[in-house]
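Trainee: Starting off with a structure, shown below.
The values are calculated or read from the model by the stated rules, or taken from the named source; none is laboratory data. What you see is a predicted model; the values in this text were computed from it and never measured. Here Cβ is always computed from backbone atoms with ideal geometry, including for glycine, and neighbour counts include all displayed protein chains.
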Amino acid sequence: MRALDIEPTYRVVLGETDAVRIMLVGVGGTGSTLALFLAGLAYHARQKGVRIELTLVDPDTVDAANVGRQAFAPAEALRGDLPKASSLALRLNAAYGLDIAAWPAPYEAEMGARWFHQGGRGAASRHLIIGCVDSHTGRQEIAKTVAAFHGRIWALDSGNERTNGQVLIGNTTDVEGIRLDPLGLCSGLPSPYLQEPGLLEPGAEAQLLSCAGMMLAEEQSLMVNRVAAAIAAQYVTAFVLQRQVTQMGTYFNLEPTVMTPRLITAANLQ
């Protein structure tokens, strides 16, 4: 009888830290929903003695098309000039007693460097940038930040099309430097933008319609952003509370509903 050939799986153990600093880039369809999860996580983590510092980044303002499809209310759209990041941070701070920062500007690599060194807390904290942007240019800037910090900044990228999407996590562009040990531990993971280089290229996502516009035109499922946000939130929860990363990514489809993990294996790291 032939024996099963099972490939070993690995995990990244992150260790203790003074604080977990999270920058959420993009608070539209997926990002605004994820922000609600992150605020709840920050509140819960505080009860357990874990400090989360959360920053929201988005240059856009709230408009009527966002209401019901993103985490914004009609009153926020009435003004017409209310920055998404600022409005969301204000509401979540009031609800949970947090100190979420808002940067209502387009993300650039320099912004990530400034955020990392802010207050001289870089070396004492763990850093995670979450990309919920629908453009290759935004992802290119996040990729530059990850590359510049040589493993010290983790990136979680969430992207989707009409009914499918993926969530990927990683922290290094030096794939050859990743080490696996017999105890099942892995020293790091390839950047999301190495795992899926197509995310950095102009493609089908470079449409003229926004996510809200696509849903109004019924070109995007109303639930796809929410599913992506829930998956991303699970990754962040493990990152913060369990201090570990157990897989490289998750791919999902809503028609039919299925999720497929990309496990940390020697083959997937090549």
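Trainee: Name the residues in the range 95-139 that are touching a residue at least 60 places away in the same chain (Cβ under 8 Å) and of a type in the set (D, E, K, R), would you?
Mentor: Scanning the range 95-139 gives R121, R126, D134, R139.
Trainee: Would you point out the residue of the range 159-172, among those that are touching a residue at least 60 places away in the same chain (Cβ under 8 Å) and in contact with a Gly (Cβ under 7 Å, 6 or more places away or on another chain), that is nearest to M23 (Cα to Cα)?
Mentor: Among them, the one singled out is I169.
Trainee: Kindly indicate whether any position in the range 137-150 is under 24 Å from F37 (Cβ atoms) and among the aromatic types (F, W, Y).
Mentor: no
Trainee: Could you go through the range 43-52 and let me know if any residue there is surrounded by 19 or more Cβ atoms within 10 Å (Cβ to Cβ), in contact with a Leu (Cβ under 6 Å, 6 or more places away or on another chain) and among the hydrophobic types (A, V, I, L, M, F, W, C).
Mentor: no
Trainee: May I pose another question? Kindly evaluate L24 against the criterion of being in a strand (DSSP E or B), modelled with pLDDT of 95 or more and buried (at least 17 other Cβ atoms within 10 Å of the Cβ).
Mentor: yes
Trainee: I need the full set of residues from the range 172-205 which are under 14 Å from V13 (Cβ atoms), buried (at least 18 other Cβ atoms within 10 Å of the Cβ) and among the small types (G, A, S), in order please.
Mentor: The answer is G188, and nothing else.
Trainee: Return yes or no: is F72 at pLDDT below 95 and more than 17 Å from the chain's Cα centre (by Cα)?
Mentor: So F72 fits the description; yes.
Trainee: Shifting gears a bit: Looking only at the range 63-101, filter to residues that are hydrophobic (A, V, I, L, M, F, W, C) and in contact with a Pro (Cβ under 7 Å, 6 or more places away or on another chain); which one of those is nearest to I22 (Cα to Cα)?
Mentor: Filtering first and then ranking leaves A85.
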